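The values are calculated or read from the model by the stated rules, or taken from the named source; none is laboratory data. Bear in mind the structure is a predicted one, so any value in this text is a computation, not a measurement. So basically every Cβ, Gly included, is an ideal-geometry build from the backbone, and we count neighbours across all protein chains shown. Note: accessible area is taken over every heavy atom of the protein model, side chains too, but ligands, DNA and RNA are not part of it. Shrake-Rupley method; radii C 1.70, N 1.55, O 1.52, S 1.80 Å.
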Amino acid sequence: MKANDKSADVIIIGGGIMGCSTAYRLAKEGVSVLVLEAKEIGNGGSSRNAGGVRQSARDIRELPLAMYAVSNIWPTLSEELDIDVEYVQNGNLRLGKTEAHVTALTNLVKKSTSVGLDVRMITGNEAREICPYMSDEVLGASWCPSDGHANPLHTTLGFYKKALEYGATFATGIQVFGLQKVKGRVRQVVTDDGIYEAQHILLCAGHASRAIANTVGIDIPVERETSEVFVTEQMKPMFGQMLGTSDADFYGHQSAHGSFVLGGMGGLEKFTSNYYGDETHNVTLPKLSRGVIKYFPDLANVKIIRSWAGQYDVCADGVPVIDNVSEVPGLTIAFGFCGHGFGIAPAVSIALCELIMKGKSETIDISKLNYDRFAAKG
Amino acid sequence: MGIIIRTKHTQPFIPQPDDSMIICRCEEITKGEIRKAVYDGMRTINEVKRYLRAGMGLCQGQTCQRLVLGIIASESQISAGELGHITGRMPVRPATMDYIGKSTEHSEGVERYESK
Ligand SMILES: Cc1cc2nc3c(=O)[nH]c(=O)nc-3n(C[C@H](O)[C@H](O)[C@H](O)COP(=O)(O)OP(=O)(O)OC[C@H]3O[C@@H](n4cnc5c(N)ncnc54)[C@H](O)[C@@H]3O)c2cc1C
């Protein structure tokens, strides 16, 4: 595609990790790709997440994506993208402080093992053997040794860089308003820079995708939710696991750089006037700090350097929609990742590439992530 | 920020004599690394920050931001005004988790809205 050309075989809406990784795979296959991004590359959740690459505690409908990514893509992704994605596979601990937490965790473990994931319940003491800095408050945990974490900034920008190398074009600063059909197929993308045209359109613009899909009569029940993350000063290596808690007090890990990357929700952000911006809320950081200190008292005197907020695209039934839309031939959609799309993104883009090029996903089973699964009860 | 079109670079990367000059002192990022980041496709100041950590250290870019912007602008032929600025982030100065955790304890107005 030439710089001033407004058409391509495939137009991708959204320059997050889904858009960048799919652009990379399509361009590698020789397809002409144009990515339209409203702001900057990785402006959304893809640069704001906590880097968890987790299979445990996932809905089994999306587990095939997570297991495929961990077995086949993450271990060699740094070489593939020619950038250090800082992938560390040291397991995931999901911590419980009460009997109720332990019961909830045990139920999650049962579901995951039923589809072949190696995850088990361990006692508080066993968890402290794995991660000695943990406080006595931890009663039990789920333990998935093959889980891990990576650097979301390097991963997203690494896919972007490689997509460029294979000939994809990215246009940033272009806001997409909607889609238009021509002769029964979706063909045009309406933007603040006029109309762009493609044979096939992939919509992966996070929570903003819903309104764009609405313009061709498709509605997916997705809403947004704010979560915040902070990073600390550099510390000596203390632990390598990805951490989460049954109570959702916080999630996160220590990065390769040595800083801790920790996140979570304050719980009352929704009731503030700026909920739908990417701004942090003054109640959240104090609450997260107290949460972390309860589990890891040694971190009390570690300094916080910066914090930020990001938006989850939360789907009504907890898993994303990744599918071709049959009423709108030529349209593929991928959104509703519910706050954990980063870890599966390298596998999602394989499915998306196949949906676009072959009409169906052959390598990975995404049959439960169909777009037409929603029906009001009763 | 205006529209920026990004395509594959067509020329090889050409090193310059002052490439080893340190620009971001907190994270020790050199001019050459920033030039290479632009060559690899990074355009805005936040993209360069995320790619290299330039401006992510203790001073949060207060020292190097203008210099980094100048390098991106001259490498990409885009005016510095189009390249954004490093997003200001809380806390303004580094503070311990203990201090921040207690920071809303005595403030009634905030306490009312806080979840336990
Ligand atoms: C705080 C936080 C923590 C998280 N932690 C984890 C974690 O530990 N592990 C994990 O697996 N996942 C995590 N996630 C989730 C993960 O980040 C997302 O699921 C993933 O990044 C989604 O990628 P995406 O490309 O679909 O969306 P995004 O990265 O949001 O990209 C969408 C892009 O579309 C652009 N866009 C929006 N509207 C328009 C428009 N009208 N026109 C053009 N472009 C538009 C946006 O600017 C954005 O760049 C977290 C998310 C957040 C916010």
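Placing dummy labels 7 Å off each Cα toward the beta-carbon, the span from A:SER326 to A:GLU362 is 2.1 nm. A straight Cα-to-Cα reach below 21 Å connects A:LYS303 with the lysines A:LYS236, A:LYS287, A:LYS294, B:LYS49, B:LYS102, residues fewer than 8 places away in its own chain not being considered.
May I ask you to give the percent of accessible area on the protein assembly as shown that is carbon plus sulfur, with a probe radius of 1.4 Å? Walk me through the numbers on the way to the answer.
Values: 10510 of 20610 Å².
Carbon-and-sulfur percentage of accessible area, whole number: 51.
Remark: mean inter-chain Cβ contacts per residue of A:265-273 equal 2, using a 10 Å Cβ-Cβ cutoff to other protein chain atoms.
Using alpha carbons only, what's the Rg to Rh ratio of the stretch A:121-264 with Rh from Kirkwood? Intermediate values should be presented prior to the final figure.
Numbers: Rg = 21.9 Å, Rh = 19.5 Å.
Looking at the stretch A:121-264, the ratio lands at 1.12.
Straight-line reach from A:LYS368: taking Cα to Cα under 12 Å and skipping same-chain neighbours fewer than 8 places apart, the aspartates and glutamates in range are A:ASP59, A:GLU62, A:ASP317, A:ASP323. In the complete set of protein chains, residue-level accessible area for A:GLU126 is approximately 80 Å², probe 1.4 angstrom. Using R0 = 51 Å, the C-beta based FRET efficiency linking B:SER74 and A:ARG128 works out to 0.45. For the stretch A:114-122, 3J(HN,Hα) computed residue by residue from phi via the Karplus equation (6.51, -1.76, 1.60; θ = phi - 60°) reads 5, 10, x, 7, 7, 9, 8, 7, 10 Hz, glycine and proline entered as x. Compute the label zone of A:ASP278 within the stretch B:34-53: residues whose backbone N is under 20 Å from the point 7 Å along Cα-to-Cβ. Label zone hits: B:38, B:41-53.
Distance between the pseudo-spin-label points of B:ILE22 and B:GLN62 (7 Å out from Cα toward the beta carbon): 1.9 nm.
In the context of the full protein assembly, B:ILE45 retains an accessible surface of approximately 0 Å², using a probe radius of 1.4 Å and ignoring ligands and nucleic acids.
If you run the Gaussian network model on chain B, springs between alpha carbon atoms under 10 Å, then out of B:THR96, B:THR44, B:THR30 the most flexible one is B:THR96. Using only Cα coordinates, the Kirkwood hydrodynamic radius of the stretch B:22-100 works out to 12.8 Å.
What total accessible area, in Å², is buried where chains B and A meet, using a 1.4 Å probe and rounding to the nearest 100?
On the way: alone 8580 and 15960 Å², together 20610 Å².
Counting protein atoms only, the buried area is about 3900 Å².
Full extension of the chain between A:LYS377 and A:THR98 yields a length gain of 97.1 nm, computed as 0.36 nm times the residue separation minus the alpha carbon distance.
Principal axis analysis of the Cα atoms in the protein assembly as shown yields extents of 65, 62, 45 Å, listed in decreasing size. Between the Cα long axis of helix A:284-295 and the first principal axis of chain A there is an angle of about 40°, rounded to the nearest 10. Packing around the peptides A:114-125, A:22-33, taken as the average count of other Cβ atoms within 10 Å per residue, puts them in this order, highest first: A:22-33, A:114-125.
The modelled label-to-label distance between A:GLU233 and A:GLN180, using points 7 Å beyond Cα along the C-beta direction, is 5.8 nm.
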